[in-house]
Amino acid sequence: MFMCIIIHINLYVAYIKISTKKNEHRLQLQNYKAVTACKILFMGDSHTVRSLDLSKIDSSYSLAFYGENNMMNYYKLKHLIENHYCIPKYIVLPCDIVTHTYGFNLARNNKSFYYDFIPFSEASNLSNNLFTAYLDYFKVKLFPYIDWQYALNKVNMDREKKSKIKFSNLPIDKQRKSASFFIEDELLKNRNKSSFYNSRALNYLQKTIDLCNQKKIKLIFVKFPLTKFIFENIKTNVDSTYLTKRPSEIIINKNNIPILDFEYIYQNNTELFFDTHHLNANGKEKFTEVFKLKIDSLLKIY
């Protein structure tokens, strides 16, 4: 009996932590609900959050969030449109080497938040295995505390402290190992090179484009800065053609949507990153100035 009580207490604590995280997302949406005019809406993952200071970009708002893959981004965008949030003229989304990979789109952080936006009729789209898709969907709906590991790992993370780190302070071999772990262990399926890109993620990329076309929203894609170790690892251990012939960019280019490419601009400036693919606070400040010039120039003709 005592052990049973302890287990339930632990589950409840985890649930509270998850709810805190969920509320962080909800608060972000609620604040946007009050916005009556927005020219540029930034969405996407931590690359958007970590790379840009939107206080320096006029008439902009961010709904980007850490770990948000493009499948979950689609459902959040659909929720905005269906619930009559402010419709921006432009939406900016990431499309760098990480965005449409298998591992990134398999790892659905904070399902207890995102699954609220996914109707039962679309649950089957979440996995190649129907049984797995529905089982996961109902588990999250009925027992949100199953997301305990995400809550325990992420809720108490000191993001500001991380942003002050200089990746360059690590020895070169550890910088390379960091990139190796990220690419080979986190992004690839069972280290299978052919699984680098996720066909399901690419389908959702097209669904997002179609949704924006329907609502006459202009999309802009961004390839955010990465360290050289990412490119080195992909060339050596995955497939070098993925750096030049990316399935995601074929789709974007086919739809005549601009891509702002900044992937290589700081590849040798690891002092501007806190890990192998995230800018630190100094990098964010520096990059925002570069990005602002580029997007201001684009919006004059787009």
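Every number in this text was worked out from the coordinates using simple rules, so none of it is lab data. Model, not experiment: these values are computed from the prediction. Neighbour counts run over all protein chains shown; Cβ positions are idealised from the backbone, glycine included.
Residue separation times 0.36 nm, minus the C-alpha to C-alpha distance between residue 133 and residue 259: what's the value? Show your work: numbers first, answer last.
Numbers: separation 126, 0.36 × 126 = 45.36 nm, distance 3.27 nm.
Full-extension gain reported as 42.1 nm.
Straight-line reach from residue 177: which aspartates and glutamates fall under 13 Å, measuring Cα to Cα and dropping same-chain residues less than 8 apart?
185, 186, 232, 275
Rounded to the nearest 20 Debye, what is the dipole magnitude of the range 195-235 about its Cα centre when Lys and Arg each give +1 and Asp and Glu each give -1 at the C-beta?
So the magnitude is around 160 debye.
Just checking my list (i) -0.49; (ii) -0.35; (iii) -0.27 against log10 I(q)/I(0) by the Debye sum over Cα atoms at q = 0.07 Å⁻¹ computed from this structure; which label fits?
(iii)
Report, in debye and to the nearest 20, how large the dipole of the range 202-302 comes out about its Cα centre when Lys and Arg carry +1 and Asp and Glu carry -1 on their Cβ.
Values: 15 positive and 11 negative charges, 104 e Å.
Charge dipole, the range 202-302, about its Cα centre: 500 debye, nearest 20.
Just in the range 172-244: which trypsin sites (Lys or Arg not before Pro) are loop by DSSP and have at most 15 other Cβ atoms within 10 Å? Can you show the working numbers first?
Working: sites: 174, 176, 177, 189, 191, 193, 200, 207, 215, 216, 218, 223, 228, 235; in loops: 191, 215, 216.
Qualifying residues, ordered by number: 191, 215, 216.
Placing +1 on the Cβ of each Lys and Arg and -1 on the Cβ of each Asp and Glu in the chain, which of 66, 104, 25 has its Cα farthest towards the positive end of the resulting dipole?
25
Which of the lysines could a cross-linker bridge to residue 300, judged by Cα under 26 Å and excluding same-chain residues fewer than eight apart?
Result set, ordered by chain and number: 39, 56, 89, 215, 216, 218, 223, 254, 284, 286, 292.
Nearest 0.05, what FRET efficiency do residue 236 and residue 299 give at R0 = 30 Å with Cβ-Cβ as r?
In this case the efficiency is close to 0.20.
Is the range 244-302 rounded, prolate or oblate when judged by the Cα gyration tensor, a ≥ b ≥ c being the square roots of its eigenvalues, rounded requiring a/c under 1.5 and prolate requiring a/b larger than b/c?
oblate
Just to confirm a number: summing +1 for Lys and Arg and -1 for Asp and Glu over residues other than residue 288 whose beta-carbon lies under 9 angstrom from that of residue 288, what do you get? Before the final figure, lay out the partial values.
Values: positive: 56, 284, 286, 292; negative: 53, 285, 289.
Local charge sum for residue 288: +1.
Could you please state, rounded to a whole Å, how far the C-alpha centre of the range 280-302 is from the C-alpha centre of the range 154-209?
Using only Cα atoms, the two centres lie 23 Å from each other.
Tabulate in residue order the Karplus-calculated ³J(HN,Hα) for the range 193-202, using 6.51 cos²θ - 1.76 cosθ + 1.60 with θ = phi - 60°, rounded to whole Hz; enter x for Gly and Pro.
With the stated coefficients, the range 193-202 comes to 4, 6, 9, 4, 8, 9, 4, 5, 5, 5 Hz.
Starting from 0.36 nm per residue, how many nanometres of slack lie between residue 192 and residue 290 once their C-alpha separation is accounted for?
31.7 nm
Mind giving me the FRET efficiency for residue 39 and residue 122? R0 is 22 Å, r the Cβ-Cβ distance, nearest 0.05 is fine.
Calculated transfer efficiency: 0.15.
Run the dipole for the chain about the Cα centre, Lys and Arg Cβ at +1, Asp and Glu Cβ at -1, nothing else charged, and hand back the magnitude in debye, nearest 20.
Its charge dipole is roughly 280 debye.
Per DSSP helix of 4 or more residues, -39500 (n - 2.57); summed, then divided by the residues of the chain. What does that give at 222 nm, rounded to the nearest 500? Please report the intermediate quantities before stating the final value.
Numbers: 13 runs with 146 residues, N = 302.
Calculated from helices alone, the mean residue ellipticity at 222 nm is -14500 deg cm²/dmol.
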